[in-house]
1. Rounded to the nearest 0.05, what FRET efficiency do Ser635 and Val351 give with R0 = 35 Å and r taken as the Cβ-Cβ distance? Could you check?
2. At 7 Å along the Cα-to-beta-carbon direction for both Ala450 and Asp248, put a label point, then send me their distance in nm to one decimal.
3. For the stretch 369-454, which trypsin sites (Lys or Arg not before Pro) pass both filters: DSSP loop (anything but H, G, I, E, B) and at most 14 other C-beta atoms within 10 Å?
4. Take the alpha carbon atoms of the stretch 405-470, find their center, do the same for the stretch 544-579, and report the distance between the two centers in whole angstrom.
5. Which angle from 0 to 90°, rounded to the nearest 10, does the C-alpha axis of helix 228-246 make with the longest principal axis of the chain?
6. Whole Å is fine, so just give me how far the alpha carbon centre of the stretch 293-336 lies from that of the stretch 581-635.
7. Which trypsin sites (Lys or Arg not before Pro) in the stretch 66-128 pass both tests, a DSSP loop state and at most 16 other beta-carbon atoms within 10 Å?
8. Roughly what angle does helix 512-525 make with the longest principal axis of the chain, taking Cα atoms, 0 to 90 degrees, to the nearest 10?
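The values are calculated or read from the model by the stated rules, or taken from the named source; none is laboratory data. Being a predicted model, the structure only gives us computed values, none of them experimental. Because the Cβ atoms are built from the backbone with ideal geometry, glycine has one as well, and the counts that use them run over all protein chains shown. We work out accessible area using only protein heavy atoms, side chains counted, and drop any ligands, DNA or RNA first. Shrake-Rupley method; radii C 1.70, N 1.55, O 1.52, S 1.80 Å.
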Amino acid sequence: MSEQIKDSQVQHYQIEDQARSTLRQTLPSVEVRIRDAGSEKPATTAWEATLAMFSRNDSLARLLVLCLVMVIAGSYVGVRVNQSWIAVDDGTLAESAVRVLQGQLPHSDFVEVYTGGLSFIHAAAFRVFGVNLLSLRICVFLFFLAWVPAVYYIALRFTPPLTAGMVTLLAIAWSFPNYEAAMPSWYNLFFATFGAAALLHYLDVRTKRWLFIAGLCGGASILIKVIGFYYIAGVLLFLAFLEQSDSDNDNEQQRTRKNSWAYRVFSAGALLAFLGTLIYVLHRRLAAGEFYHFLLPSLAVVGMILLGERKAGAGTGERFAALLRQVIPFICGAVIPIVIFLIPYALAGSVGGFFSGVTSSAIAHAINLAQARPAPPQYIVAVLPLVAFLAAGMYWKQFQGRVVGAAVALFAVVVVVRATRSAFVYSGVWFSMAMLTPVVVAAGVASILALRSRDSVSKLQRERLALLVALAATCTLVQYPFPVPIYLCYALPLTLLALVAIVTTVRKQRGTYVLASLVGLYLTFAVVSMIPLHIAEYSHAIARRDVLRVPRGGLQIEDEPFFEALTIFLQQRAPNGLMYAGNSCPELYFLTGLRNVTRDDNGAPPEEVLKALQANDVKVVVMFESPYFPSAQTSSEVRAEVIRRFPQSRMAGSFHVYWRE
């Protein structure tokens, strides 16, 4: 027995050493040679010495690079966090938080657009930082600062510190700075990344508490917005792969002796049920673009798991036990925050109302957002130059020199400069990212299947790669059914991390200079061209902004004098503190502090509005004449009743204000 324990320990340390050695394999690493080839002469410049220090994979280098990344990201985003707004977004988030602060429950006392958990977080932010729009930005900024080390941690599993820092900055540039509002989809991204980091650590230590922590991240994500289920789906796909990976057995005799057909039938049924559910969600708008962006990635991951069954050697009982050992801690972690969240609803006897409200709000929100279509598959040609450069850097020996690297860097500079002046060049770079996720997932699946027969790649490396590929495949669904540019940013960081994992795992050449130039190209493009364009506000040009100087303001917005004057005007016309402002203008409730006479801050059904106007002593009504979503148009019955009951009116921009003395 002691000899077996000793052999087991030796094997364990060999595996650990192999895992650590993989961390030294670099992707766009800015590597410097401290000594010339075949010479003991040290590097002569301070610049090379500094780069060498940051490229070392030790604790000091990792900490220094993380601090540098945090300073850059915190400074860049921090000075922008109060800039610009989309009125309906900030207004919806803020007014829901105010209602929670007043003791109301989402979906029970008022209509909540999302699940409701985010309103509690924002209510806490109001309590700490004050009731104003800036408080929500501070709250999401703090979550962003916690997210940055998680991205860096994931990148470190595949690259040395300096490269991991560059990858982290790239993921940042293509995400939060493009729209600093406290949108729930940012929190979904943050929690998915936290969960991915926890699962990567689980692969290193195989301790169940990290599965539980990953589940907590999923439960919290669902409480913020129901699309947190996409993260749950990605993790479950990964756990199915992980069980399969653990049961791989190359011994043909042992594999034939153990019968696992019952498990295989269960696994295939569960995977096909997942695909069937996904198709059902997509089927009303399932054209070529939706198939490419939203169905193909998940289809590839499911196909990978089904094909992997050929080498799974354990029996049915062993495989079910192994799967449950991993799934149960994760599911428990996901369920616990949801159960805790439901306690106030249980005490109020409104659990059924909560689930009904979440379902109806999710359906209504999806219908409202179904206004755009994803880019058609033919735009994949924009990805081909990126794939060509990556492949050359990874496999072509002649593409490794500094001269080639300098040429690619010069090309990157030209592209970045031209993108500021040419819509064609800008679109080319943008679509190379917009069309990237299915390509990355397909490449990742192909790599994992091919790597099963390569002894040079460890099982741990394949499992890490499978985790990020699965999450990239499912979390990209956040873009459905509203695939406008900003929604790409809610998922792209996971795709970029998966791409890094693929390149570092399968490459045969270092590709230092070429790959670093590509990272620099997309990082600089985002900072110079994309972020200043305010892609979240693509529907109109950005004008001059000033700080909104009302008690609940604090953001720099366009038309600040207009909203300040309108806020004061509405407050003066509503001495009893009541107002009805329909048609998706919840920002007016929040800025004025006036109470909505209906349960829905974005526009209640006509019968509820008519009843509220007749039963309350409302002095002022506002109709927004230019709502973004067609469903928000004022009904003819409500308009006629308002005109009849409120004789005085005036237009204030796109707002038609009615009042009576």
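1. Approximately 0.65, to the nearest 0.05.
2. Result for the modelled spin labels: 1.5 nm.
3. Details: sites: Lys397, Arg402, Arg418, Arg421, Arg452, Arg454; in loops: Arg421, Arg452, Arg454.
In loop regions of the stretch 369-454 (DSSP not H, G, I, E or B), the sparsely surrounded trypsin sites (Lys or Arg not before Pro) are Arg421, Arg454.
4. So the two Cα centres are separated by 46 Å.
5. 20
6. 47
7. Values: sites: Arg80, Arg99, Arg127; in loops: Arg80.
Passing sites in the stretch 66-128 are Arg80.
8. So the helix axis and the longest Cα principal axis differ by about 0 degrees.
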